[in-house]
Amino acid sequence: MQLSVAIQEFDLSLAGVVASGTRKLYLRRLHSLLDFLGDVEIEQITTSDLRRWRADLSERKERWVNNPYRPPAAGGLSPWTIHSHVRIARQFFKWLIEENYLSQNPAARLELPPLPEEPPKAVAEEDLQRLLNAARDDPRNYALVCMLADTAARVGAIATLKLKDLDLENRRALVWEKGRGGRKKAQYVFFSWRTREALIEYLRVRPDNASDYLFISKRGGHLTPHAIYQLLRRLARKAGITGRFNPHAFRHGWARGALRNGADLGTVSDILGHSSVEVTKRFYARWADGELQERHDKFTWLK
């Protein structure tokens, strides 16, 4: 079987199982392997080939090549991007073994590159307030920023949230989130009274019967994750924000803020929908030296 055919079969196995954004990411990552190796027979691929591909990723001088949303730019790939490439390749070859397309797994000894230990990339609290102020003149934009900041949901879940799954009375919404292995799972996300009021104001001006989705464009179609990113980008420019404003940074910000406010890891993990507390700890419970000093002073038993 040729590599291109194997990738197509793998993608087909994910259809209806994982979120569409996850499928697109997997395809982009695996097509970089196809571009590097050529359309070879999968039986010919060796561990050495995969390590050369990994080395090529680490030595690249340009990022966002073939990205549908960003033009290419100078600068190498980030450690997280390289880690993602390798992790997906390992999953792909493991699937080929499980489906009996291969008898030996060349990725079994393909090591994952280490990730740097640094705090997550969160929206700064002062920038969140600037974004909220910049969005106040548009009920849809204000409600959208509130939902991103308040629910800790991924942007795909907010983009695909339907009106019928919004429960204003109990201040929650049923969304489809990314689960283990990229698979979709239903999950409740919760929001505060402030966000509830913002949603009520938005629904008062939202055209009836425009779409099944909650957040819609001016033309009536639902807002895609990319459209939400562009909306936030315009708001950030309007507010004079130079820091982070991308949708996922709200999720980081919520988790970091909750932990700073004294929330336990188990609660934060459940709200984020993580598969385990260890995932939450790895990505969010890391603190800069100054933050550790503050937390030590708060929690030490020797006063």
query: In what order do Ser269, Ser20 fall by count of nearby beta-carbon atoms within 10 Å, going from fewest to most?
result: Ser20, Ser269
message: Please compute the modelled spin-label separation between Lys298 and Leu203, points set 7 Å along Cα→Cβ, answer in nm with one decimal.
response: 3.4 nm
query: What is the gain in length, in nm to one decimal, between Leu163 and Gln44 on full extension, counting 0.36 nm per residue of separation less the C-alpha to C-alpha distance?
result: 37.8 nm
field: Assigned charges on the beta-carbon of Lys, Arg, Asp, Glu; region 3-98 dipole about Cα centre (debye)
entry: 560 debye
message: How much length would be gained if the chain were fully extended between His226 and Glu98, taking 0.36 nm per residue of separation minus their Cα-Cα distance, in nm to one decimal?
response: 42.6 nm
query: When Lys and Arg each count +1 and Asp and Glu each count -1, what net charge do the other residues less than 14 Å away from Pro106, Cβ to Cβ, add up to?
result: +2
- prompt: What dipole magnitude, in Debye to the nearest 20, does region 149-236 give about its Cα centre under +1 on Lys/Arg Cβ and -1 on Asp/Glu Cβ?
  reply: 400 debye
field: Segment Arg28-Phe190, length gained on full extension (0.36 nm per residue, minus Cα span)
entry: 55.0 nm
query: Given the pairs Lys24/Lys185; Lys218/Lys238; Lys121/Lys298; Lys61/Lys121; Lys185/Lys218, which span a C-alpha to C-alpha distance of over 27 angstrom in this model?
result: Lys185/Lys218
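Just so you know, all these numbers are worked out from the coordinates, no wet-lab data involved. Because the structure is predicted, anything quoted here is derived from the model rather than measured. For neighbour counting, all protein chains shown are included, and Cβ atoms are generated from backbone atoms with ideal geometry for every residue, glycine included.
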